[in-house]
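The values are calculated or read from the model by the stated rules, or taken from the named source; none is laboratory data. This one's a predicted model, so the numbers in the text were calculated from it and none came from an experiment. Note: ideal-geometry Cβ built from the backbone for every residue, glycine included; neighbour counts use all protein chains shown. Side chains are part of the model used for accessible areas, which takes the heavy atoms of the whole protein and leaves out ligands, DNA and RNA. Shrake-Rupley method; radii C 1.70, N 1.55, O 1.52, S 1.80 Å.
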Amino acid sequence: MELDKLKELWMDSNKSSIPIDEDKLRQILSTSSNGPIAKMKRNLKLEVISLIIVYGLLLWATSNEDYSIFTTFDYVLLPVTGMLFLIYASIKYKQLKNMECVSCEVKSNLTLQVKSLEKLVKLYFLAGNISVIFVYLIAGAIGYVGTEGERVAFPSTMEILIFLSIGTLLVVINYFLGRWYLFTLYGKHIKKLKTIIYEMDEK
Amino acid sequence: MDSTGEKAFLEILGKHERIIHKICHAYGSDASAKQDLFQEIILQLWKSFSSFRNESKISTWIYRIALNTAFTHHRRSKSKVTLSFFGVFDEDKAEENEEGAYQENLTLLYGAIAKLSELEKAIVMLYLDDKSYEEMQEVLGINQGTLRVKMNRIKEKMRDITKSKQHGTR
C-alpha cells in the first residue's frame, strides 16, 4: 500500500478516537508526573528529608546526656558528612532542573538529556566511590580508637596492611557493583537516547 | 494555574487530542502503556502550558512535547486514571466492527508503523498528518534535506511492510 494513499485513512482515523471527558482530564491534571526526571526529583527530596530527620535525631541525642554516645570526633564528623551531602544534593538538583526541555525541538532535548544524564551518572559514581572510602577510613579510625581506649598508639605495619587490603577489596567490589547498578538504572536509557540522536544525524 | 487557564488548556486539548491519541497508539506497546503515556503527555503539556507564547503553531508545540515524552518515558505509572478510548484499534476488535475493511486497513497501518524505529515513527506520523518539511524540522530539529532522504526510505519500508502483511493475512 502506498503511504500517500494511507494519508486519507490516517486523517479519517480522527473519527475513531473517542474524546475524553473533561472530568477525566482534570483527574489526570491532579496526578503527579511519572517521568524519570520527576521521579528522580522526588527521590532527591526524600533523601534530603531523611537526612534532616536523621540529623534532627542526632542533634537531640547529642543534647541529651542520657543518650549521648558521641565522642568529640563525631562532633566534627557529623557536620562534615552533612555538608558533603548537601553539596551533593545541590549539584544533583541543579542537574535535574536543567535536564529537560520538553517544549524544545526533540533533537536538542534528547541531546540535553543525554549530556545531563551522563554527568549525573558520573556524579553518582564518584560520590558512591568517595563515600565508601571516606566511611571506611572513618569507621576504621573510630573502631581502632574505641578498642585501644586511652592507651591509643600508632597501629603496627601489619595492622595497616590488613586494613588497607580489606579497604582495597571493598573499594573494588563497590566500583564494579556501582558500575553494574548505574548501567541497569540509566545505561539502557542513555543508550536508547543516543541511538535516536545518532539516527537523527544519519543521512 | 487558575481555572481560566485550566479551561483554556482543556479547550486546546479538546481540539488537538487526536495528536496525542495517535502518538500513544504508535509508541505504547499495549493498552496499559498507551494509557500511561497519554497521562504523562497531558501532564507535560499542562506543566508547559503557562510558558507557551504562540511563537509556534499549537500543533507543533503539542507534537514537540508529546514526542519528547514518548521518547524519554519508559516506566509505568501507579496512579493511573482509567481511560476507555484505547483499544479502538485492537486487532481483535477490528473484525467485530461494522466498518471492517476500514478498521482492517487502519490496523494494517498501525501495524506497519509499529515495525519502524522510534524516530521513523515520529517522521511518518508528521508526514501522514500533512505537516510540511519545515514544520517537521521545527518539531524534530532535523534539517529538511535529511528529513526528505529519511522519508523516501520510510516510504519504501512501509510499502514492503504493508505488502508482506497483506500477503500474510490473506
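Estimated from the Cβ-Cβ distance and a Förster radius of 25 angstrom, the FRET efficiency linking A:LEU169 and A:LEU123 is about 0.50. Our coupling estimate for region B:111-124, obtained by passing each phi through the Karplus curve with A = 6.51, B = -1.76, C = 1.60 and θ = phi - 60°, is x, 5, 4, 4, 7, 7, 6, 3, 5, 4, 4, 4, 5, 5 Hz, Gly and Pro reported as x. Legend: residue pairs A:LYS191/B:LYS47; A:LYS7/A:LYS97; A:LYS119/B:LYS22; A:LYS188/B:LYS34; A:LYS119/B:LYS34; B:LYS47/B:LYS121, Cα-Cα distance threshold 29 Å; pairs beyond threshold, A:LYS7/A:LYS97; A:LYS119/B:LYS22; A:LYS119/B:LYS34. Per residue of peptide B:109-117, the mean number of Cβ atoms on other chains within 10 Å of the residue Cβ is 2. For chain A, the longest principal axis of the alpha carbon atoms and the long axis of helix A:36-63 meet at an angle near 20°. So if R0 is 41 Å, what FRET efficiency would A:LYS45 and B:GLN144 give, r being the distance between their Cβ atoms, rounded to the nearest 0.05? It comes to 0.45. Comparing the full protein assembly with the isolated chain (1.4 Å probe, heavy atoms, ligands and nucleic acids excluded), the residues of region A:23-37 losing at least 40 square angstrom of accessible area are A:LYS24, A:LEU25, A:ARG26, A:ILE28, A:LEU29, A:THR31, A:SER33, A:ASN34, A:PRO36. Of the accessible area of the protein assembly as shown, with the probe set at 1.4 angstrom, what percent is carbon plus sulfur? The computed percentage sits at 59.
Between 0 and 90 degrees, the angle of helix A:72-97 with respect to the longest Cα principal axis of chain A falls at about 10 degrees.
In a fully extended conformation the segment linking A:LEU112 and A:ILE130 would gain 3.8 nm over its present Cα-Cα distance, using 0.36 nm per residue. Once both axes come from the Cα atoms, what is the angle between helix A:157-182 and the longest principal axis of chain A, in degrees from 0 to 90, rounded to 10? The angle comes out near 10 degrees. Could you tell me which of rounded, prolate or oblate describes region B:1-82, using a ≥ b ≥ c as the square roots of the eigenvalues of the alpha-carbon gyration tensor, with rounded for a/c under 1.5 and, failing that, prolate when a/b is larger than b/c and oblate otherwise? The shape class here is prolate. Each Cα pair under 8 Å and six or more residues apart adds its sequence gap; the mean of these over the residue count of chain A is a relative contact order of 20 percent. Average accessible surface for the protein assembly as shown: 56 Å² per residue, computed with a 1.4 Å probe over protein heavy atoms with every protein chain in place. Among the cysteines of the protein assembly as shown, B:CYS24 have no other cysteine beta carbon within less than 4.7 Å of their own.
Accessible surface buried by the B/A pair amounts to about 5700 Å², both sides summed, 1.4 Å probe.
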